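The values are calculated or read from the model by the stated rules, or taken from the named source; none is laboratory data. Just so we're clear, the structure is a prediction, and the values are computed from it rather than from any experiment. FYI the Cβ positions are ideal-geometry reconstructions off the backbone, even for glycines, and counts take in every protein chain you see.
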């Protein structure tokens, strides 16, 4: 049986526990959080072993286990580094680190120790992303010429976010969300899909800004809007937008020679992928209003019921890491992939008004499709 351990049991940890239930062959060794009261509440609810310290968590942890770092973003670098230095594979919530230099340090450490270092989100391994990727590879819409991807979440500062609680009562970390920013928190959902299909982004041309003043929190607020044009080394030009300003819109559209592929829900593993054929009627060019559903043949992966805004299996990434160890093969979520996603995302976030074209210094390969999506 494969083994994981968890550090941090805040809001997102409950989503991992709901997802863990779909993988009976994965055992949870223990959970640690610096907040003892929160740790007890979480572990009592889920009936899992609480560990009183980081050292206690590592005690007896097998060398082929994966540690899930679900701490606050400001702690990601230090926790990831400590876990790697202890000789353990790490799957971390986004972002991998808050600075590119820190991310490169983690990458070098993992490579030097022969360890896996992967970063959320893992929805690129989910059914919707894999279905859309299969449709692109098989030419359903012809050669893709451009892609538009939106990750707009509505005017969040006016939402009732103080009432958003996890299953075990953890509050939505709104101060972190506003300080860290929607780009670092959300860009990876579609950036991961895109990188899995096309590999490296060569150049990022982006702008970002804080458009809503006086948000709740201490210190400087991150941009709440970013718009990026991504130039892939082996893929179509893509526009990726992140905001907590514009009305909710999570669609991605792939514009090909023969029509448009579309998916409208980045946070739903079962979201439908549809194709609209392009046609000319008399003198008018249009896409057919009769959209064709694109499906994969056969079963895909375990699903979880919708909770809050998400219908995602958060354990697909850790499960892939563990399965790669069992099968003695390279993990689909490579160290290079995590590092490159971090660099591209930070380039979007920090673009500001005058940064212009930014050349990426890291690279990654496309991700091998899941066996059921080939």
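Among strands (runs of 3 or more DSSP E) entirely within the stretch 1-78, having at least 2 residues that are without any contact (Cβ under 8 Å) to a residue 40 or more places away in the chain singles out 26-32. The residues of the stretch 228-255 that are part of a strand (DSSP E or B) and within 18 Å of the chain's Cα centre (by Cα), listed by number, are 228, 230, 238, 239, 240, 241, 242, 243, 249, 250, 252.
Scanning the stretch 224-245 for residues that are in contact with a helix residue (DSSP H, G or I) (Cβ under 9 Å, 6 or more places away or on another chain) and either without any contact (Cβ under 8 Å) to a residue 12 or more places away in the chain or surrounded by fewer than 23 Cβ atoms within 10 Å (Cβ to Cβ) (or both) gives 225, 227, 232, 233, 234, 235, 236, 238, 245. When the stretch 136-160 is filtered for residues that are closer than 15 Å to residue 273 by Cα and either modelled with pLDDT under 95 or in a helix (DSSP H, G or I) (or both), the ones remaining, listed by number, are 136, 137. The set of residues from the stretch 94-115 being under 17 Å from the mean Cα position of the chain (by Cα) and crowded, with 23+ Cβ neighbours inside 10 Å comprises 95, 96, 97, 103. Could you say whether any residue in the stretch 125-147 is closer than 23 Å to residue 71 by Cβ and within 21 Å of the chain's Cα centre (by Cα)? Yes; the residues of the stretch 125-147 include at least one that is closer than 23 Å to residue 71 by Cβ and within 21 Å of the chain's Cα centre (by Cα).
This table checks each residue for (1) over 30 Å from residue 374 (Cβ atoms); (2) in the same structural domain as residue 238 (by TED's automatic domain parsing); (3) buried (at least 24 other Cβ atoms within 10 Å of the Cβ); (4) modelled with pLDDT of 95 or more.
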site: 175; (1), (2), (3), (4): yes, yes, no, no
site: 193; (1), (2), (3), (4): no, yes, yes, yes
site: 209; (1), (2), (3), (4): yes, yes, no, yes
site: 214; (1), (2), (3), (4): yes, yes, no, no
